[in-house]
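The values are calculated or read from the model by the stated rules, or taken from the named source; none is laboratory data. Since this is a predicted model, take the numbers as computed values, not measurements. Cβ atoms come from the backbone with ideal geometry, glycine included; neighbour counts cover every protein chain shown. The protein model used for the area step is the full one, side chains on, heavy atoms only, and it has no ligands, DNA or RNA in it. Shrake-Rupley method; radii C 1.70, N 1.55, O 1.52, S 1.80 Å.
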Amino acid sequence: PKIVSIPSLAINQEELRKRNIPNIKAIMKLLVWRPSTLFLARPRLDELTDLCVERLILEPGFADGAVAKFIRLASDSANHPVCLHCTEGKDRTGGMTALLLLALGVSREVIIEDFILSNKCVYERASRRDFLLRTIWLLTGRWISFVRFGDNAKSFMFVNREVMQRCLASADEVWGGFNEKYWKAQGLTVGDIQRLRDAFLM
């Protein structure tokens, strides 16, 4: 398949190929942003993942125009189906998927429910990680970490409904919604959005 990397937005590409996912023609690889540009001085782990979503949606042109690159890739039916992924498949992928659905005219209620659906998908994996992390803290005598950061670490493993709601509300305040003005700020034209809809909607 054709692999398109968006700078600064991943499972191993070879691992993807080993899974033999049928008919994948394009892989959208969302790389991790440099901590100095993404995380700033935010100390909480869950705030860092929230910031991934917020900057992707609310900062036009962020990460070398990641949104515009993805929309244009997805607009070309020759690239379908497209595999969109990051490391966990919930924050960067969730934010980008939300923008795709917004561009297609999907209701916000459906988009928010789709975003938090990740919590069901990652629950077992996150629970195992939480147990392992707390066990390591106890065995290594890191009692302060166990007491102070346990819930923080667990929230890092899930997505937050309020984050998406806040992003949508902020877009309303700044651009009046996800309209021509918003997509223009992202480097997209009305024609780009129409081509996307033509490619996805019957």
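Here are some notes:
- Hits in region 70-109 - residues which are part of a strand (DSSP E or B) and of a type outside the set (Val, Ile, Thr): CYS83, LEU84, HIS85
- For first residues located in region 110-125 and farther than 15 Å from ARG166 by Cα and among the acidic types (Asp, Glu), partners that are open to solvent by less than 30 Å² (accessible area, probe 1.4 Å) and not in a helix (DSSP H, G or I) and lie 6+ apart or on another chain with Cβ distances below 8 Å do not occur.
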